[in-house]
1. So what are the ³J(HN,Hα) numbers for segment B:110-117, from phi and the Karplus equation (6.51, -1.76, 1.60; θ = phi - 60°), rounded to whole Hz, Gly and Pro as x?
2. For segment B:114-183 and segment A:12-54, compute the distance between their C-alpha centroids and round to whole Å.
3. Output ³J(HN,Hα) for segment B:98-107: one whole-Hz value per residue in order, computed from phi by the Karplus curve 6.51 cos²θ - 1.76 cosθ + 1.60 with θ = phi - 60°, and x for Gly and Pro.
4. Taking θ as phi - 60°, what are the ³J(HN,Hα) couplings along segment B:125-141 by the Karplus curve (6.51, -1.76, 1.60), each to the nearest whole Hz, with x for Gly and Pro?
5. Modelled label-to-label distance, A:LEU123 and B:ASN131, 7 Å Cα→beta-carbon offset: nm?
6. Would you mind counting up the charge near B:ILE45? Only other residues with Cβ under 13 Å from its Cβ, with Lys and Arg at +1 and Asp and Glu at -1.
7. Based on the alpha-carbon gyration tensor of segment A:7-70, what equivalent-ellipsoid semi-axes (square roots of 5 times the eigenvalues) come out, in whole Å, largest first?
8. Give me the mean projected area, in nm² to one decimal, of the convex hull enclosing the Cα positions of segment B:1-145.
Amino acid sequence: MRPIVKLGEKPMKIVGYCANKLAGPENRLILGVSALASQPFIDFYNKNVDEETRKYSVCKTVSKIIIGTTVGVIVRALAIKYSARFLKSVDVSGVAPDILKRPESRKILQNTIGDILGLGICLFTNFLIDAPLTKKGTNFFASKFIKEGK
Amino acid sequence: MSIKTSFTKMFTKFCEQGVTDRANFLKNTAVVGWALSSLAQTCAILFNDKMPKKEKRFLIPQEIFDGLINATLFWFITSKAANLGKLLVLKKHILPKSLVKVTENLKVTGSDIGSMKDSFIGHIKKFGTSNDLKTAQNAIEGMGVAVGIVGAIISNNIITPLLRNKLAGMWQKRELERASHNAPLNPHFGNIEYDKYKFQKPVKTVSFGSYSGGMKI
């Protein structure tokens, strides 16, 4: 069977980047930018609620995406940066010793520790940074774009 | 058992799953992440004093449904999209130009992604160069990531907002109806929705001379 799509050099460069370089921070940034391009419009044209609720919904969504993406990208980048150092300082001898003998498993373990570290940090940043900043952002956008009583 | 021992055991178990069963590990961490984010955002709306009650009745369920739908869709769509990307290469629907010749006689065997990948890579190792092997590995993993991202964009940024808005809208309507039934009767406008009644500006009246009645302005 002949392939339907043949990837040339340029598309393969992008595919190679996805395979080797694209990690948590880049993934979060792509999802954040695409969310900003779609979700506010979906909220704005939401016919299930009245106009004022729609406007508040847009303000909250825009604020949440901007703050969430910024904090998410920074936390993930820091977690990956410090996961190598963290890996040296923790005892991982109990983690499937036969699997860890393979050289590529060490890298996967480092990524795993980066993910656990990121999740642990997010536990705090979600409540201490994201939530209060989103609230402030929502109120700021609401004061600019929603006229009281209308 | 001390807290330190319990923590170490839990951490080791997490690490083990992350290395041996990465797909499920990523699913679990993503679902926990969304649940936490949704909870934090719900609290942010709940404790926002500047937001009117009527809007809160929509935004709180919207946030809860956002977390629930995102986690569910991730489980059923996003994680499957990554496998679809890999399958496109393994079944030779999408191939790098440089691998077209070397994979001409390749017949991929196996019932799951892992065994199909082993069969594909085994063939390249046997008949291709080291460069071909690297290209094949990049194509399989890269397409998995790329299609996974497309799946995530469609499920998280299009399907989830449409569904959450629909469900939260229904929730708000039901809550407002319930509140309007319980609201005290407004003497001028009848029994209207509670928030509107509550924030209604007082009606000013003026009197003219000895005329005992009032005229509304």
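1. My calculation for segment B:110-117 gives x, 9, 10, 4, x, 6, 5, 5 Hz in order.
2. 12
3. Coupling constants for segment B:98-107: 5, 9, 4, 5, 5, 9, 3, 9, 6, 10 Hz.
4. 4, 6, 10, x, 8, 5, 5, 4, 4, 5, 4, 5, 4, 4, 5, 5, 5
5. Label-label distance for A:LEU123 and B:ASN131, simple model: 5.0 nm.
6. Details: positive: A:LYS60, A:LYS64, A:LYS135, A:LYS136, B:LYS50, B:LYS53, B:LYS54, B:LYS56, B:ARG57; negative: A:ASP130, B:ASP49, B:GLU55, B:GLU63, B:ASP66.
Spelling it out: positives minus negatives among the neighbours equals +4.
7. Its equivalent ellipsoid spans semi-axes of 34, 14, 6 Å.
8. Convex hull of Cα atoms, orientation-averaged projection: 14.0 nm².
Only the coordinates and a few stated rules stand behind these numbers; no lab work does. All of these numbers come straight from a predicted model, not from anything done at the bench. FYI the Cβ positions are ideal-geometry reconstructions off the backbone, even for glycines, and counts take in every protein chain you see.
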